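The values are calculated or read from the model by the stated rules, or taken from the named source; none is laboratory data. It should be emphasised that the depicted structure is a prediction, and the values quoted were computed from it without experimental measurement. Glycine also receives a Cβ, built like all others from the backbone with ideal geometry; neighbour counts cover every protein chain displayed.
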Amino acid sequence: MKPAFVVVCIGALSLVGCIDFGHAVAPYEPPGTAADAALADAVTSASSDATPPLDTGPSCVEGEVPATDLGPQIRFQSFSVDRPTIEIARGDVVTWTNGDSMDHTATAGAPGLEIPPSSGGFASPLMVAGDRWAFRFCAARELVWFCRTHPVQMRDYRIVVR
């Protein structure tokens, strides 16, 4: 790795040097490499552990619900989302809003490794600009999710249900 050079000017004195902030960044790995294999293992593990526990209670029914302005919100914008990781409480309703000009989805899992609702996942219909979709989460778990229409650019988002 090449050192990063920083120029600092103090009055008439100029210093050039290398600064190490002690943070290692993993090299870029294109799709289909070890990074995807690690994500596949995490998704497979999450989907096998995603059966809702018995303590969800009879008042919490997990699944698609009407979109609401209350509770956690996620907004699609320019091949991304405004909240790539969101932490919520059991029973919360997450509402996705498509604030982009392109169509998007919210799908649990990873490209090619979707987690179906029967295994604790979720899958929105195609959302065109302005559409909203919501899902109530009752079981504690961590889920990765992605957009089926843009699986390369829009993936590895997380919902942590406490």
Handout entry: Lone unmet requirement of (1) at pLDDT 95 or above; (2) in contact with a helix residue (DSSP H, G or I) (Cβ under 7 Å, 6 or more places away or on another chain) for Ser47
Key = (1)
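Please enumerate the residues belonging to the stretch 77-91 that are among the charged types (D, E, K, R), over 13 Å from the mean Cα position of the chain (by Cα) and farther than 13 Å from Ala140 by Cα.
So the first thing to find is which residues in the stretch 77-91 are among the charged types (D, E, K, R), and the list is 82-83, 87, 90.
So of that shortlist, the ones also over 13 Å from the mean Cα position of the chain (by Cα) come out as 90.
The answer is none; no residue qualifies.
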Exercise for the section: State all residues of the stretch 117-133 that are more than 16 Å from Asp103 (Cα to Cα) and touching a residue at least 24 places away in the same chain (Cβ under 8 Å); if no residue qualifies, say none. Expected result: Pro117, Ser119, Gly120, Gly121, Phe122
Exercise for the section: Please go through the stretch 84-97 and pick out each residue that is of a type outside the set (S, T, N, Q) and surrounded by 15 or more Cβ atoms within 10 Å (Cβ to Cβ). Expected result: Ile86, Ile88, Arg90, Gly91, Asp92, Val93, Val94, Trp96
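Condition check: surrounded by 15 or more Cβ atoms within 10 Å (Cβ to Cβ) and either over 17 Å from Met127 (Cα atoms) or charged (D, E, K, R) (or both). Does Asp100 satisfy that? Don't jump to the end; show me each part of the working.
Details: surrounded by 15 or more Cβ atoms within 10 Å (Cβ to Cβ): yes; either over 17 Å from Met127 (Cα atoms) or charged (D, E, K, R) (or both): yes.
Yes.
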